[in-house]
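This report refers to the structure that appears directly beneath it.
The numbers here are math on the coordinates, done by the rules we state, and not lab data. Since the model is a prediction, treat every value here as computed from it, not as a measurement.
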Amino acid sequence: MKKTVMSFILGMAVLALMPGQPPATAAETTAGGKIGTLTCKTVPHSGVNLLIHSTVDVTCVFKSTAGETEHYKGETGVGLGIDLAVKREETLGYLVFASDFKKGSYKLAGRYVGGGGSATVGVGAGAQALLGGSNKSVSLQPVVLSASRGLGVSGGVTYLYLEPDRAADR
């Protein structure tokens, strides 16, 4: 088990160190290409961990390829699976693919669902594959990388729910 966890963490570290994709061109951003990045951080002391279901509040910032930002709030977790993790903090990073971006439209608001897992011993890593959003028109990077501090393992059906945080955008 220890070797499997270490192999997983090493593999995630290699992915994190790989060069990023080149910046999207105008044609890519209007034809379903990359329109930006979404970074979410867990809210301390907001988590509930019930072995087969866990949830934690998140605050997120979307940054478009043009440098514009939108803020979101919501929750993420394991809807069905196993969660034996006690994480003090976690940061999730996504590449965002959609047909377009218009500041103030909050296009990323909605529900995303998929599969995922993580392993944490002091410092850990994880991956998710999520699809969804408003009218299922947004795709978050198929493999999302997360960094966490704490102890444990989790895996199963994962989800992310986002709503606009207009107060943070003022």
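Results, tabulated for the structure shown:
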quantity: Alpha-carbon Rg/Rh ratio, for the stretch 35-118, with Rh computed the Kirkwood way; calculated: 1.00
quantity: Full-stretch length increase - Lys102, His53 - with 0.36 nm per residue and alpha-carbon distance subtracted; calculated: 14.2 nm
quantity: Thr65 long-range amide H proximity, modeled H, under 5 Å; calculated: Gly36
quantity: Extension gain (nm, one decimal) between Val86 and Val113, 0.36 nm per residue minus Cα-Cα; calculated: 7.5 nm
